[in-house]
Amino acid sequence: MSHHRILLTGATGFLGGTVAAKLLREERWDHVLLLVRAPTPADALVRLRKSLERFEVGEKLLKKLSSGQIICGGLDTLPEQKDDPRLARVTHVVNCAAVTSFGQNPNTYPTNVEHTLDFARKVKAFPRLERFIQVSTAMICGSAPPRVVAEDSYPAAGVHHLVGYTGSKAKAEALLRKELAGFPLVIVRPSIIVGHTRLGCKPSGSIFWGFRMADAQRMVTCDVDGVVDVIPVDYAAKALMHLMDAEELAHPTYHISAGRDSSSSFREIGHAFARALGENRPGDYRRVTYRDVAALQDQFTEIFGPGNKRAMLAAARLYGAFAGLNTVFDNQRLLAEGLEPPPRFADYLGVCVQTSRNITIAQQMAVDFE
Ligand SMILES: NC(=O)c1ccc[n+]([C@@H]2O[C@H](COP(=O)([O-])OP(=O)(O)OC[C@H]3O[C@@H](n4cnc5c(N)ncnc54)[C@H](OP(=O)(O)O)[C@@H]3O)[C@@H](O)[C@H]2O)c1
């Protein structure tokens, strides 16, 4: 493993930041290059520091950030090797960069498809490349997946996507596989990443707002015994590193997910909220329809706190569609590579609640619609 030279993208983001914070604590940090969008390495360091502070890595470790590790640029502007000889030494690429907005961000398709392919084509020319890890999403399964999703079932034709983002990730996978045949490409698909087992929602409240909304109403628009496949970001980062470091991998595609055994039901999630909030609740969440939620619109401020009611209703609808899939992503491949199963969402949800006390649902939601 000592010969690995890593190029990491997306370190200013949630998952890439977690990976960077993990690597920063390891001896091999000096062998890591980071692609960061910034005009100068100094600016990039400011952005990186801000990202890594979310993971409480401490000042001593933050001092290890060095401009010599920075490559300024984006997926579409990675320098050519002749212009940056550091790239010729790279053996492992971990691509966490993407536009992940659930909203209608015009950069979604260009970044996640076109620029990702541009990036991969340049990486393909690295003379020492051993592995390229493309982070995709298990949600390329679209709106009507089976109860248990196997890696090889997707990407598939005719899938209806709930948001453009997942469609773009599916397209990127298909094109990467087709156009870059023979490439040492490993596609990893995390399921739903929520919080961090130790830091809760401090690094990011992404998607946790949806669970807060359901809990605030004590209502779900899906089966209370339906399950949701959630993993914490530190587990996702650990799994990514595990798949990067494995000498051989048995498969070209892996879910990083809770799977059958470690997913939580909404009943369990409701109980975990009650424990975290110190409430003695009489019962479980009530199953309602979207119309019932919409009918409460005038009371949204009281229920959810301040925020734009229409935006909250739209977000609740979308969240409800994802939450109601009642699907788990098979994680047997990952476990067979020697990784332990993830912690259950219901078991670390309390720390997410504690770290969300000073942030409103609407504020937490904003990050997913940028
Ligand atoms: N979070 C989840 O629940 C989840 C679940 C499954 C899969 N995933 C996948 O995990 C990956 C990371 O997601 P995340 O939640 O960490 O996203 P995120 O917090 O939105 O971070 C995205 C990162 O990508 C970078 N980026 C965006 N466009 C870029 C470009 N054109 N060139 C270079 N870098 C660019 C951003 O850099 P700037 O700071 O410069 O914008 C940021 O560092 C994505 O592939 C996503 O599909 C996430």
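See the values below:
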item: The stretch 66-84 - residue that is away from the ligand (no atom under 15 Å from the Cβ) and part of a loop (DSSP other than H, G, I, E, B) and, of those, nearest to Ser136 (Cα to Cα); result: Glu80
item: Looking only at the stretch 1-56, and only at residues there that are free of Cβ contacts under 8 Å to residues at least 40 places away in the same chain and assigned to a loop (DSSP other than H, G, I, E, B), the one that is farthest from the ligand (Cβ to nearest atom); result: Ser2
item: Residue within the stretch 48-62 that is surrounded by fewer than 19 Cβ atoms within 10 Å (Cβ to Cβ), over 20 Å from Val135 (Cβ atoms) and touching a Ser or Thr at 6+ places or on another chain (Cβ under 9 Å) present; result: yes
item: Residue list for the stretch 262-275, restricted to those being in contact with a Lys or Arg (Cβ under 9 Å, 6 or more places away or on another chain) and either assigned to a strand (DSSP E or B) or closer than 19 Å to Pro184 by Cα (or both); result: Ser264
item: Qualifying residue in the stretch 309-322 (condition: part of a loop (DSSP other than H, G, I, E, B) and surrounded by 15 or more Cβ atoms within 10 Å (Cβ to Cβ)); result: no
item: The lone exception for Gly73 - which of (1) among the small types (Gly, Ala, Ser); (2) surrounded by 21 or more Cβ atoms within 10 Å (Cβ to Cβ); (3) farther than 30 Å from Ala314 by Cα it fails; result: (2)
item: Among residues of the stretch 211-237, those that are within 11 Å of the ligand (Cβ to nearest atom) and either assigned to a helix (DSSP H, G or I) or among the small types (Gly, Ala, Ser) (or both), counted; result: 3
item: Yes/no for Leu180 being surrounded by fewer than 20 Cβ atoms within 10 Å (Cβ to Cβ) and either charged (D, E, K, R) or over 20 Å from Leu7 (Cα atoms) (or both); result: no
item: Ala125 vs. criteria of a type outside the set (Lys, Arg) and at pLDDT below 95; result: yes
item: Enumeration of residues in the stretch 145-180 that are within 16 Å of the ligand (Cβ to nearest atom), free of Cβ contacts under 8 Å to residues at least 24 places away in the same chain and among the hydroxyl-bearing types (Ser, Thr, Tyr); result: Tyr154
item: Some residue of the stretch 109-119 being in contact with a helix residue (DSSP H, G or I) (Cβ under 9 Å, 6 or more places away or on another chain) and closer than 27 Å to Arg25 by Cα; result: no
item: Qualifying residue in the stretch 238-261 (condition: among the aromatic types (Phe, Trp, Tyr), assigned to a helix (DSSP H, G or I) and at pLDDT 95 or above); result: no
item: Residues within the stretch 99-122 that are within 13 Å of the ligand (Cβ to nearest atom) and more than 20 Å from Pro184 (Cα to Cα), tallied; result: 12
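Residue-wise test of (1) more than 16 Å from the ligand (Cβ to nearest atom); (2) modelled with pLDDT of 95 or more; (3) of a type in the set (Phe, Trp, Tyr).
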residue: Arg281; (1), (2), (3): yes, no, no
residue: Arg310; (1), (2), (3): yes, no, no
residue: Ala314; (1), (2), (3): yes, no, no
residue: Tyr319; (1), (2), (3): no, no, yes
residue: Phe329; (1), (2), (3): no, yes, yes
residue: Val351; (1), (2), (3): yes, yes, no
residue: Thr360; (1), (2), (3): yes, yes, no
residue: Ala366; (1), (2), (3): no, no, no
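The values are calculated or read from the model by the stated rules, or taken from the named source; none is laboratory data. Because the structure is a prediction, the values reported are computed rather than measured. Virtual Cβ from ideal backbone geometry, glycine too; neighbours counted across all protein chains shown.
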